[in-house]
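Report on the structure given below.
The values are calculated or read from the model by the stated rules, or taken from the named source; none is laboratory data. Please read these numbers as outputs of a predicted model, since none were measured by experiment. For neighbour counting, all protein chains shown are included, and Cβ atoms are generated from backbone atoms with ideal geometry for every residue, glycine included.
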């Protein structure tokens, strides 16, 4: 059974005073820049380096400050491969602690000090781990960490196998990409080329070969639109993708994969492709990112919010927590796009209608509306309908998202013919649209029975006598009667603007008479 990483605790380490992250199969560590995501990945790098460099070394007895005696290693700093100078939290004199626990409860610990060498130890129920084999078996952390990546060499020389192995996890691994694939079998390279082609449509990567006329150099070409280019001349994102796939090709299904901020290099579509590869091919993966695109593409419970001022990382579980995370990351515009992409639905409304619609939805039990899982977007008025049209085009053509769109508009003082014409125009554009049959959404709560209940409730809270329903109806009649002339003139003015566009005078006069007769009839039933 795969012994996956269960927990990481760091204390007095960089930005963290005392911080714990619990892991599942999929883990996307999310937060803004400088929140400590990369520091957590570096903590794993440090302990993985200790394991790798001391793997064949017999452990010795180490006495800890608390009096315990453990089997462990003194690890030379130069063999860790990470600058430890700034590892102590607030530059104090205490040790920084990195503590990793696996699924079987085995635990490895690294102590970093300003004055003393780095110590790495494992404890196992008081048993002695006095041989390299016992020590390694007691803490079988099995991980593959994609190193910090850089541009490919313009001229890459052929190197020995030992050089490739020594630097495969180092920041200089980019210097040997052609050497790696030059040595792979045709079957291995074919799988790699397939991954490249699926992510970058129209591109075919070719196996490295010796440079003609100078065999000490290797060349690797890719073909695009029947034009061959050396990979050094490709864009930086493409070079990074080749390197990420190369590092993943070395990993096995029973390893935990670590990648630090791939969004820095990759287009959003490639970011999503990467997450799908990790999810499908490996038992556990951990990504550090502030990419809204990656966060949006995450499965349930994969997102882990990193906040250095807290004691524990928080796994995101609800839409409300997603919203807070987006605000924390500081990408509200991308956040709204991400929410649309996640829901595959969006409701366009005027003004502040969202708040009222949410209240209605909660009242009638429409959870997807009041929980926030379906996003609302404000259009800013009746004239903003073009924004909805353009947004749908952008979702489809630019973001490649098939999004269901619904638009809700206030009627204001528009006549029946105008609202029907407007809805028809929307439907012809392939959009779902309804114009409210009342002036605005608030008018739907002008109901004598509802108002009577609300007034009685408020009266009981203030210990006063509530008016009768008949009295409330009289008040409504009195108030509305003072508004009749203004409403009538507004409707006539709106009809004038709409009706004179495509009608002759006689037809227009007849239509406006019908419109005003309809208004009078409706007013009597109000």
Working only within segment 282-296, note down all residues that are more than 18 Å from residue 314 (Cβ to Cβ) and touching a residue at least 60 places away in the same chain (Cβ under 8 Å).
283, 284, 285
Which condition number in (1) more than 23 Å from residue 259 (Cα to Cα); (2) under 31 Å from the mean Cα position of the chain (by Cα) is the one that residue 223 fails?
(2)
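Does segment 94-113 contain at least one residue that is over 20 Å from residue 79 (Cα atoms), at pLDDT below 90 and in the same structural domain as residue 11 (by TED's automatic domain parsing)? Can you show your working first?
Going through segment 94-113, the residues over 20 Å from residue 79 (Cα atoms) turn out to be 94, 101-107.
Those left that are additionally at pLDDT below 90: 94.
Next, only the ones that are in the same structural domain as residue 11 (by TED's automatic domain parsing) stay: 94.
Checked against the condition, which is being over 20 Å from residue 79 (Cα atoms), at pLDDT below 90 and in the same structural domain as residue 11 (by TED's automatic domain parsing), segment 94-113 yields at least one hit.
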Take residue 197 and tell me if it is within 30 Å of the chain's Cα centre (by Cα) and either in contact (Cβ under 8 Å) with a residue 12 or more places away in the chain or within 30 Å of residue 49 (Cβ to Cβ) (or both).
no
Among the numbered conditions (1) exposed (fewer than 14 other Cβ atoms within 10 Å of the Cβ); (2) assigned to a helix (DSSP H, G or I), tell me where residue 38 comes up short.
(1)
Could you tell me whether any residue of segment 127-145 is touching a strand residue (DSSP E or B) at 6+ places or on another chain (Cβ under 6 Å), outside the structural domain of residue 60 (by TED's automatic domain parsing) and part of a helix (DSSP H, G or I)?
no
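Quick grid of which residues meet (1) more than 19 Å from residue 267 (Cβ to Cβ); (2) surrounded by fewer than 16 Cβ atoms within 10 Å (Cβ to Cβ):
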position: 202; (1), (2): no, yes
position: 215; (1), (2): yes, yes
position: 219; (1), (2): yes, no
position: 222; (1), (2): no, no
How many of the residues making up segment 459-478 are in contact with a helix residue (DSSP H, G or I) (Cβ under 6 Å, 6 or more places away or on another chain) and in a loop (DSSP other than H, G, I, E, B)?
1
Filter result (surrounded by fewer than 22 Cβ atoms within 10 Å (Cβ to Cβ) and touching a strand residue (DSSP E or B) at 6+ places or on another chain (Cβ under 6 Å)) within segment 281-297
282
Filtered residues of segment 56-81 (kept if modelled with pLDDT under 90 and surrounded by 13 or more Cβ atoms within 10 Å (Cβ to Cβ))
77, 80, 81
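Restricting to segment 135-169, give me the number of residues that are within 24 Å of residue 109 (Cβ to Cβ) and either crowded, with 17+ Cβ neighbours inside 10 Å or touching a residue at least 40 places away in the same chain (Cβ under 8 Å) (or both). Spell out how you get there, then give the answer.
At the first step, the residues of segment 135-169 found to be within 24 Å of residue 109 (Cβ to Cβ) are 135-145, 147, 169.
Applying the additional criterion that residues be either crowded, with 17+ Cβ neighbours inside 10 Å or touching a residue at least 40 places away in the same chain (Cβ under 8 Å) (or both) yields 135-136, 138-145, 147, 169.
Qualifying residue count, segment 135-169: 12.
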Among the residues of segment 458-474, write down those that are surrounded by fewer than 11 Cβ atoms within 10 Å (Cβ to Cβ) and within 28 Å of residue 355 (Cα to Cα).
461, 462
Those residues of segment 422-458 which are modelled with pLDDT under 85, within 25 Å of residue 512 (Cα to Cα) and assigned to a helix (DSSP H, G or I) amount to 422, 425, 426, 443
